[in-house]
Amino acid sequence: MVVEMYDGEERRVHARLRYAAFISYAHKDKHWASWLHRKLENYRVPKAAAHEHAGRRTLRPVFRDRDELTASSALGPALMDAIEGSGHLILLCSPASARSKWVNEEVRAYRKRHGAARVLPFIVDGEPGSGGDDDCLPPALLEPETPGGPPIEPICADARKHADGKRLAFLKLAAGMLGIGLDELVRRDQARRQRRMAIITGASMTASVATGALALYANDQRAEAVEQRQMAEANERRAEATVDFLVDTFAVANPATENARTITAFSILERSADRVETELANEPAVQVRLYQALGSIYKNLGLYDESDTMLFRGKKIAEPGSEAAAWLSLYSGLTMYHRGRLDEAEKTVSDTLHGIQDDWDKAAELRAWGNELLGLIHRDKLQIPQSLEFYTTAISLYIEMGPEYDTARARAIGVKGLVLAQDGRFTEAKAAYKEALKIYEREAGTKHIDYATTLNNLAFTQLQDGNAEAAIEGAKLALEILVSILDEEHPTLAQSRMNLGNSLYALERLPEAEEMYRSALNGLSSAYPEGHFETGFAHVYLAMSLSGQGQTEKALKHLQFAKKNYDIGYGQKHANHGDLEIHRAIVLHAAGRVKEAGNACIKGANILAETIGLDSVSAQGLLEKCAQRGLPITG
């Protein structure tokens, strides 16, 4: 029997294969192997996806050694023949399989014949890479391709409830076997499911017209009506309490003692925070929602201490292990991320994802956003493959949730584009931005903050790719949109001006760049309190434009302001302190102060070594600036 394969080279290479896949597993995971075997052999590739990928409609036959070789000894001739004749090896990962001698031998034998790329790990239990008794990755999976080479970092489909879940993990596996994108397969599969549901719904409606049997459920319906009425009354009471709270918050301002034009959003927030605790004590559900909202608003303003306080208050009220508590924890993780506490943020978000229950109303949304946050955290840790995997999972979950989550999907696609650009994959990054822009334009129009932000990201990538002229055009268009819809002091407007300034700086249009940076700095200083890292960015950019115009002392002064913001916003230990020292070295070197510049490079390199490591892409790029000027990084 010859397994179905693609046209061209793939068909020639695999024409002799007898099986689409070989499932390797430990005896303890037999129930998982049985489930997956049935699932694979019964799965029909969606017609649209099959049409675009050489017409392959099935994932069978699949070899499962306990079924196929009941009379053969492990790794005997018959088993080796099956390994030789399988297009992929599906490795069920669990603590049991990690310790299994025969699973490891099967993996080694398969890799020797087909390479590591065709091994598809599928996690069913345990913790990948923990190094303890619960580690689920077999050593044979991680062994280097060549002696002395780096260990393999596998990307796994993860069927555990708190991760991908069974359905998404299965689709990841299918996408790997078919050689197509997960996003595409999920979209095609979802469309097929919706068509089937429409058929089932239509049949059900026809049946309901044809029968009077619904009368048998009248008593149940009356009981449900009573329950629904009680729920409606509770919701109405909560809504009334919320409306009263919001109205009274703005009514607190005393026109006899306060000028209406000087009452700030911050003062209103402070009053709101105090009143939530005292005036809504009888409505804990409302309190939790408001604390969550206040925590998010404070976070957006860069007021992380206040944000933490609000989220902590909400978590004290929320039932432990509840859906509300999970939302609050994810917001806490986001606040930790913005403070540069990446390890704490990762642990908080990961622990929250572990606790999500399938029966929660917003379980899928929580998982999707949690994966986005992990993608963001791993991006800043410069762990690009892991970041991309988390974003791919988030995008797939949004697709599964339906069209109402298209804007959230566009957000995830857009940030995934930034990660791809960070990895130097500019063509893929630009394609991601364009996909996100298309969704935003359809869902919200072009006069929208998310549309403009994605345009800015596209411009930033064009600048990275060496096309500063195109970057300027894109950044100008984004700025034009934002000016038309945002208040002058909105931080996104300032960020857009910094982006345009960077493109102008790249073309050595320094006075114009300086103007953009000063305008951005004014906006950020108004929007954020002292000590926000983005305000620090603006000071650095402005310093470089001033240095380029020979204004060394002014440039160094702005770098001092940047450090002050970093110290407050990040604390004393963060990679951007190293970045700051490298830029100080550039300014000093341009002014002929070579010895001071060398000391700054050494200091910057030491900070980078302690935070992200000198082998990281970002550190290498910064250290190259020292090397180009003949400045030391050790000494």
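The values are calculated or read from the model by the stated rules, or taken from the named source; none is laboratory data. Note that the coordinates shown come from a computational prediction; the quantities given were computed from them, not determined experimentally. Here Cβ is always computed from backbone atoms with ideal geometry, including for glycine, and neighbour counts include all displayed protein chains. Note: accessible area is taken over every heavy atom of the protein model, side chains too, but ligands, DNA and RNA are not part of it. Shrake-Rupley method; radii C 1.70, N 1.55, O 1.52, S 1.80 Å.
Looking only at the range 515-528, filter to residues that are part of a helix (DSSP H, G or I) and not hydrophobic (A, V, I, L, M, F, W, C); which one of those is surrounded by the most Cβ atoms within 10 Å (Cβ to Cβ)? If you could, list the steps in order and put the result at the bottom.
First, pick out the residues of the range 515-528 that are part of a helix (DSSP H, G or I): 515-527.
With not hydrophobic (A, V, I, L, M, F, W, C) added as a condition, the list becomes 515, 517-519, 522-523, 525-526.
Values: Glu515: 16, Tyr517: 29, Arg518: 17, Ser519: 18, Asn522: 15, Gly523: 25, Ser525: 18, Ser526: 13.
Top of the filtered list is Tyr517.
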- Has the range 133-144 got any residue that is assigned to a strand (DSSP E or B) and not β-branched (Val, Ile, Thr)? yes
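Return the residue satisfying two criteria in turn: it lies in the range 558-567 and is surrounded by fewer than 16 Cβ atoms within 10 Å (Cβ to Cβ) and in contact (Cβ under 8 Å) with a residue 12 or more places away in the chain, and of such residues it is farthest from Leu608 (Cα to Cα).
Lys564
Out of Ile384, Ile377, report the one residue that is touching a residue at least 12 places away in the same chain (Cβ under 8 Å), in contact with a Ser or Thr (Cβ under 9 Å, 6 or more places away or on another chain) and closer than 28 Å to Ile612 by Cβ. Give the derivation first.
Working: Ile384 fails: in contact with a Ser or Thr (Cβ under 9 Å, 6 or more places away or on another chain).
So the residue among Ile384, Ile377 that is touching a residue at least 12 places away in the same chain (Cβ under 8 Å), in contact with a Ser or Thr (Cβ under 9 Å, 6 or more places away or on another chain) and closer than 28 Å to Ile612 by Cβ is Ile377.
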- Scan the range 422-433 and give yes if some residue there is within 24 Å of Gly536 (Cβ to Cβ), open to solvent by less than 20 Å² (accessible area, probe 1.4 Å) and assigned to a helix (DSSP H, G or I), otherwise no. no
- Counting only residues that are assigned to a helix (DSSP H, G or I), touching a residue at least 24 places away in the same chain (Cβ under 8 Å) and surrounded by fewer than 16 Cβ atoms within 10 Å (Cβ to Cβ), the range 344-373 contains a total of 1
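Going by what's in this entry, would Glu488 be described as closer than 24 Å to Ser547 by Cβ, outside any helix (DSSP H, G or I) and open to solvent by 70 Å² or more (accessible area, probe 1.4 Å)?
no
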- Message: Condition first: acidic (Asp, Glu) and within 19 Å of Lys362 (Cα to Cα). Now tell me which residues in the range 377-425 satisfy that.
- Response: Glu400, Glu404, Asp406
- Query: Restricting the first residue to the range 574-599 and requiring it to be farther than 17 Å from Leu542 by Cα, which pairs with a second residue that is hydroxyl-bearing (Ser, Thr, Tyr) and modelled with pLDDT under 95 meet a Cβ separation below 8 Å and a spacing of at least six or different chains?
  - Reply: His574/Tyr566; His574/Thr611; Ala575/Thr611; Ala575/Ser618; Gly578/Thr611
- Query: What single numbered condition from (1) under 28 Å from the mean Cα position of the chain (by Cα); (2) among the acidic types (Asp, Glu); (3) at pLDDT 90 or above fails to hold for Glu106?
  - Reply: (1)
- Message: Thr552 - would you say it is open to solvent by 20 Å² or more (accessible area, probe 1.4 Å) and among the hydroxyl-bearing types (Ser, Thr, Tyr)?
- Response: yes
- For Asp615, state whether it is under 28 Å from the mean Cα position of the chain (by Cα), closer than 29 Å to His378 by Cβ and open to solvent by 40 Å² or more (accessible area, probe 1.4 Å). yes
- Residue, nearest to Gly129 (Cα to Cα), within the range 84-97, restricted to residues that are surrounded by 24 or more Cβ atoms within 10 Å (Cβ to Cβ) and hydrophobic (A, V, I, L, M, F, W, C): Cys93
- Are any of the residues in the range 624-634 without any contact (Cβ under 8 Å) to a residue 12 or more places away in the chain and open to solvent by less than 50 Å² (accessible area, probe 1.4 Å)? no
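Name every residue in the range 310-343 that is surrounded by fewer than 16 Cβ atoms within 10 Å (Cβ to Cβ) and within 28 Å of Lys381 (Cα to Cα), in order of residue number.
Across the range 310-343, the qualifying residues are Phe312, Asp343.
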- Query: Out of Leu418, Leu463, which single residue is under 18 Å from the mean Cα position of the chain (by Cα) and within 26 Å of Thr392 (Cβ to Cβ)?
  - Reply: Leu418
- Query: Could you give every pair whose Cβ atoms fall below 6 Å, whose first residue belongs to the range 444-458 and is outside any helix (DSSP H, G or I), and whose second residue is at pLDDT below 90, counting only separations of at least 6 or pairs across chains?
  - Reply: Lys447/Ile485
